[in-house]
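Some notes on the structure that comes next.
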Amino acid sequence: MAFDLIIRGGSLPDGRVADIGISGETIAAIEPRLDAPAGRIIDATGDLVSAPFVDPHFHMDATLSYGIPRINASGTLLEGISLWGELKKVMTFEEVRDRALAYCDWAVSMGLLAIRTHVDTCDDRLLGVEALLEVRKLVAPYIDLQLVAFPQDGLYRDPTARQNTIRALDMGVDVVGGIPHFERTMADGRRSVTELCEIAAERGLPVDMHCDETDDPLSRHIEQLAYETQRLGLHGRVAGSHLTSMHSMDNYYVSKLLPLIAEAGVSAIPNPLINIMLQGRHDTFPKRRGLTRVKEMQALGIRVGWGQDCVLDPWYSLGTADMLDVAFMGLHVAQMSSPADMHRCFEMVTTVNAEIMGLGHLGLAVGKRASLVVLDAGNAVEAVRLRPDRLYVVSRGKVVAERGKRDTALSIPGRPASINRRHHL
């Protein structure tokens, strides 16, 4: 059997060393050795070959806009929302489209081949929605891009948010979003969760809701989200993003809450880079850290994946489109320091995030789509530790990005002439 592409001798995340044979857009074989002709052979000996990186939580309509029209001086979530409101008034369709396309190019270079982005529907023009629908079409040959209808200013708090969210879904947006903790009252927040879940159920769509992105332990809309998931039979189609209030909640209440989330099959998407920056801003000391209870949820079988959230926008002044940066920060803040935990952090930005987004066609298995990444690392833990170069990025069977391996040899007096920096420094 001839292949279009063979990735030769790579180390897989599960520890195997194998050749991967690709025919067309599909992984056709994974064997210890493939002795077959191929249109191209990539030598991945000593390198990690992984499923692509996946980001289940991003804001692409705002990305790469840092400093327009001003900088977030306080560094808070609420000033970021206010600043985004100013930016919405002056941005153009072309600006949103071009910034998003630039980010997608950057993402591909980092092996990030699937992104779920929230797009603001609190804009009567729905300019961001139109721009990202075009972007979704343009990047479809190499990125799975999902759009979430996101009423940033509140489904009820903004006078036209509800009708515009419906319009966005009618235009072809993929997922129903919400922000219940930003409504005027807790009661309105609960009602918004109910109505948005009902809309999703009627349309057969997934739900991905910003939930309780606050330090207030009384913000408990995740409980309502789990209830509506059960009531409406949305199991496996719902995610709660951020969930930062959980780090301030009473432990007894959490002991009731987490089994409800697990029973409903709701996934959790913490965003460690951004919430470490935004949360706890009103604290003196001790300062709370903005991360939900990751290990506790995983212990109950709740699906938890890391999200990027923001890159160079009103909420976050940094970012590189590298999901390994996200995993690295998450590892530290969640204190996931054991080898098994560190390996799990790698899975959280690859296979787990793909599951959360319903992307069953991604993964390193025969019959899956031939989208993968070759990294200059020996294994998954080393990849998280070093955030190494992406040597090759393959999407739908085609090499879409590549860079040569750097010379990492050092010469140190009194030591052997060649020391591999990757493994020893």
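The values are calculated or read from the model by the stated rules, or taken from the named source; none is laboratory data. It should be emphasised that the depicted structure is a prediction, and the values quoted were computed from it without experimental measurement. Every residue, glycine among them, receives a Cβ derived from its backbone with ideal geometry; neighbour counts consider all protein chains shown.
Of all residues in region 132-181, those that are touching an Asp or Glu at 6+ places or on another chain (Cβ under 9 Å) and of a type in the set (D, E, K, R) total 4.
In region 160-179, the qualifying residues are those that are among the β-branched types (Val, Ile, Thr) and more than 21 Å from the chain's Cα centre (by Cα), and the one that is nearest to Leu127 (Cα to Cα) is Thr165. Taking region 355-379 as the range and being of a type in the set (A, V, I, L, M, F, W, C) and within 18 Å of the chain's Cα centre (by Cα) as the test, the residues that pass are Ile356, Met357, Leu359, Leu362, Leu372, Val373.
Of all residues in region 1-38, those being under 28 Å from the mean Cα position of the chain (by Cα), assigned to a loop (DSSP other than H, G, I, E, B) and without any contact (Cβ under 8 Å) to a residue 40 or more places away in the chain number 2. Scanning region 301-331 for residues that are out of contact with any strand residue (DSSP E or B) (no Cβ under 9 Å at 6 or more places or on another chain), without any contact (Cβ under 8 Å) to a residue 60 or more places away in the chain and over 17 Å from Asp55 (Cα atoms) yields a count of 1.
Every residue, every condition in (1) within 24 Å of the chain's Cα centre (by Cα); (2) surrounded by fewer than 19 Cβ atoms within 10 Å (Cβ to Cβ); (3) touching a residue at least 40 places away in the same chain (Cβ under 8 Å), yes or no:
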site: Asp153; (1), (2), (3): yes, no, yes
site: His181; (1), (2), (3): yes, no, yes
site: Arg184; (1), (2), (3): no, yes, no
site: Arg191; (1), (2), (3): no, yes, no
site: Cys211; (1), (2), (3): yes, no, no
site: Gln224; (1), (2), (3): yes, no, yes
site: His242; (1), (2), (3): yes, no, yes
site: Asn251; (1), (2), (3): no, yes, no
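When we screen Thr45, Thr63 for residues that are among the hydroxyl-bearing types (Ser, Thr, Tyr), closer than 22 Å to Asp208 by Cβ and assigned to a loop (DSSP other than H, G, I, E, B), the only hit is Thr63. Please verify whether Gly307 is within 12 Å of the chain's Cα centre (by Cα) and either within 18 Å of Ser219 (Cα to Cα) or surrounded by 24 or more Cβ atoms within 10 Å (Cβ to Cβ) (or both), treating the condition exactly as stated. When the stated conditions are applied, Gly307 passes them. Tell me yes or no: at least one residue of region 124-138 is touching a residue at least 60 places away in the same chain (Cβ under 8 Å), part of a strand (DSSP E or B) and in the same structural domain as Val175 (by TED's automatic domain parsing). No, that holds for no residue.
Quick one: is Ala200 assigned by TED's automatic domain parsing to the domain that holds Met323 and either out of contact with any strand residue (DSSP E or B) (no Cβ under 9 Å at 6 or more places or on another chain) or under 30 Å from Phe328 (Cα atoms) (or both)? It is false that Ala200 is assigned by TED's automatic domain parsing to the domain that holds Met323 and either out of contact with any strand residue (DSSP E or B) (no Cβ under 9 Å at 6 or more places or on another chain) or under 30 Å from Phe328 (Cα atoms) (or both).
Regarding Pro217, is this residue modelled with pLDDT of 95 or more, in contact with a helix residue (DSSP H, G or I) (Cβ under 9 Å, 6 or more places away or on another chain), within 28 Å of Arg289 (Cα to Cα) and assigned by TED's automatic domain parsing to the domain that holds Ala268? Here the answer is yes, as Pro217 does meet what is asked. Of all the criteria given as (1) in contact with a Ser or Thr (Cβ under 6 Å, 6 or more places away or on another chain); (2) small (Gly, Ala, Ser); (3) under 30 Å from Ile68 (Cβ atoms), the one not satisfied by Gly307 is (1). Asn275 meets all of the listed conditions (1) of a type outside the set (Val, Ile, Thr); (2) touching a strand residue (DSSP E or B) at 6+ places or on another chain (Cβ under 7 Å); (3) surrounded by fewer than 24 Cβ atoms within 10 Å (Cβ to Cβ) but one, namely (3). For region 245-268, the count of residues that are of a type in the set (Lys, Arg), in the same structural domain as Ile302 (by TED's automatic domain parsing) and in a loop (DSSP other than H, G, I, E, B) is zero. When the test is whether a residue is part of a loop (DSSP other than H, G, I, E, B), among the aliphatic types (A, V, I, L, M) and within 19 Å of the chain's Cα centre (by Cα), Leu331 does not pass it.
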